[in-house]
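Undergrad: Sharing a structure here in structure tokens format.
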Amino acid sequence: MKKVSFVVPVYNEESNLKEFHKRMTAVMAALTYDYEIIFVDDGSSDTSPILLQELADQDSHVEAYLLSRNYGHQLALTCGLDHAEGDAVITMDGDLQHPPEMVPEMLANWEKGFQIVQTIRKATEDASFFKRFTSSVYYLLINKLSRVEITPGGSDFRLMDKQAVQAFRLYRERARFIRGMVNTLGFKVARMEFVAPPRFAGKSKYSLHKMLHFALDGITAFSNLPLRWALYCGLLCGLISLCVILHVLFEKYVMNDAVPGWATMTVSITFLGGIQLIGIGILGEYIGRIFEEVKQRPLYIVGRHITKHT
Ligand code: UDP
Ligand code: MG
């Protein structure tokens, strides 16, 4: 019998875990697959770890890795992908925004020979205007910048077969934008659209800070264009300054005019200062990431592995 692994990152999802397990179990009961549900607890501070132990004790399909602290969604997913043993692995959120009822159709696509089944979020029922707006602007921007196509609405609800997962495991970078990385793998990809329902319970665990960081990781991991822009800006400014210098010399030696205006000076100083700071900032973003990568630290540390009665 073929085995399917589910990888579910969990960060303070105590009010969702039981319901998630119930719905997932109902879906799998109707199918003829062996399966495992791998929860990755991303340093929850609520009762999620206790609930996970209870679920593992009740149901031998369940196991959990408890990370030693909060590493973030993308690294929690990575931990699960590293440990999944199934012939196909499905990653999905633990808040039921990725409906388990879509799993049979994903598996059907896999059986047809697709090695990756990528779901595309058409909409999220309770997404704020702010989240929808920033998300669409962001995908427009990242697709202009990078050579890898990153589908708007691409979510981390996806199926990968064993071969794709093994390929993915070779990617060990720290700054992870998994939906972009998966797009660089190749393989035969099927796409399925869905509308994400509101969270079953609780609040989104993606703070504005986490979202911003994730967005920057996405751009810097897939494009060097911002660096080139900084260079172009520098060249343009150099050209403008040259014109200003020529103008000043002309005023002094040809026109024998008074000191050129104070305004010109101030404007050019602040203008150049601004451009330089932007350039340094962009450089800093990349250097910071290089620094993170060269340290070669482990991506995550597992504090405890939960299976039945451990
Ligand atoms: N999550 C995580 N670590 C984090 C933030 C989120 O493991 O630091 C998990 C969270 O428990 C959920 C999934 O990642 O299962 C998606 O997070 P969330 O639903 O908060 O994001 P949203 O759907 O609002 O984008
Ligand atoms: Mg969610």
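Undergrad: Restrict the check to segment 125-142 and report whether at least one residue is touching a Gly at 6+ places or on another chain (Cβ under 9 Å), under 30 Å from residue 226 (Cβ atoms), assigned to a helix (DSSP H, G or I) and away from ligand 1 (no atom under 16 Å from the Cβ).
TA: yes
Undergrad: Would you be able to say whether some residue in segment 224-233 is within 24 Å of residue 137 (Cβ to Cβ), among the basic types (Lys, Arg) and surrounded by 12 or more Cβ atoms within 10 Å (Cβ to Cβ)?
TA: No, segment 224-233 has no match at all.
Undergrad: Going through segment 97-110 one residue at a time, which ones are within 16 Å of ligand 1 (Cβ to nearest atom) and either in a loop (DSSP other than H, G, I, E, B) or without any contact (Cβ under 8 Å) to a residue 12 or more places away in the chain (or both)?
TA: 97, 98, 99
Undergrad: Sticking with this one: For the structure I just gave you, tell me whether residue 265 is farther than 24 Å from residue 229 by Cα and exposed (fewer than 12 other Cβ atoms within 10 Å of the Cβ).
TA: no
Undergrad: Mind listing just one residue for me: the one in segment 135-157 that is touching a residue at least 12 places away in the same chain (Cβ under 8 Å), away from ligand 2 (no atom under 16 Å from the Cβ) and among the polar types (S, T, N, Q) and, of those, farthest from residue 104 (Cα to Cα)?
TA: Of everything passing the filter in segment 135-157, 146 is farthest from residue 104 (Cα to Cα).
Undergrad: If I filter segment 28-44 down to residues being under 19 Å from residue 81 (Cβ atoms) and under 23 Å from the mean Cα position of the chain (by Cα), which single residue comes out as surrounded by the fewest Cβ atoms within 10 Å (Cβ to Cβ)?
TA: The residue in question is 43.
Undergrad: Of all residues in segment 152-184, which are buried (at least 17 other Cβ atoms within 10 Å of the Cβ) and polar (S, T, N, Q)?
TA: Across segment 152-184, the qualifying residues are 155, 183.
Undergrad: Which residue out of 113, 94, 86 is closer than 24 Å to residue 165 by Cα, within 16 Å of ligand 2 (Cβ to nearest atom) and not in a strand (DSSP E or B)?
TA: Only one candidate qualifies: 94.
Undergrad: Take residue 210 and decide whether it is among the basic types (Lys, Arg) and either buried (at least 16 other Cβ atoms within 10 Å of the Cβ) or part of a helix (DSSP H, G or I) (or both).
TA: Against the criterion (among the basic types (Lys, Arg) and either buried (at least 16 other Cβ atoms within 10 Å of the Cβ) or part of a helix (DSSP H, G or I) (or both)), residue 210 qualifies.
Undergrad: Considering only residues that are crowded, with 21+ Cβ neighbours inside 10 Å and free of Cβ contacts under 8 Å to residues at least 60 places away in the same chain, look in segment 45-54 and name the one that is farthest from the chain's Cα centre (by Cα).
TA: That would be 51.
Undergrad: Taking segment 193-206 only, how many residues are outside any loop (DSSP other than H, G, I, E, B) and surrounded by fewer than 16 Cβ atoms within 10 Å (Cβ to Cβ)?
TA: Of the residues in that region, 2 qualify.
Undergrad: Is there a residue in segment 65-81 that is surrounded by fewer than 18 Cβ atoms within 10 Å (Cβ to Cβ), within 17 Å of residue 9 (Cβ to Cβ), among the hydroxyl-bearing types (Ser, Thr, Tyr) and within 16 Å of ligand 1 (Cβ to nearest atom)? Give the derivation first.
TA: Going through segment 65-81, the residues surrounded by fewer than 18 Cβ atoms within 10 Å (Cβ to Cβ) turn out to be 68-70.
From what is left, the residues that are within 17 Å of residue 9 (Cβ to Cβ) are 68-70.
Within this subset, residues satisfying the condition of being among the hydroxyl-bearing types (Ser, Thr, Tyr) are 68.
Next cut, within 16 Å of ligand 1 (Cβ to nearest atom) only: 68.
Yes, because at least one residue in segment 65-81 is surrounded by fewer than 18 Cβ atoms within 10 Å (Cβ to Cβ), within 17 Å of residue 9 (Cβ to Cβ), among the hydroxyl-bearing types (Ser, Thr, Tyr) and within 16 Å of ligand 1 (Cβ to nearest atom).
Each value in this text was obtained by applying a stated rule to the coordinates, not by laboratory testing. Bear in mind that the values here come from a model prediction, so they are computed numbers and not experimental data. Every residue, glycine among them, receives a Cβ derived from its backbone with ideal geometry; neighbour counts consider all protein chains shown.
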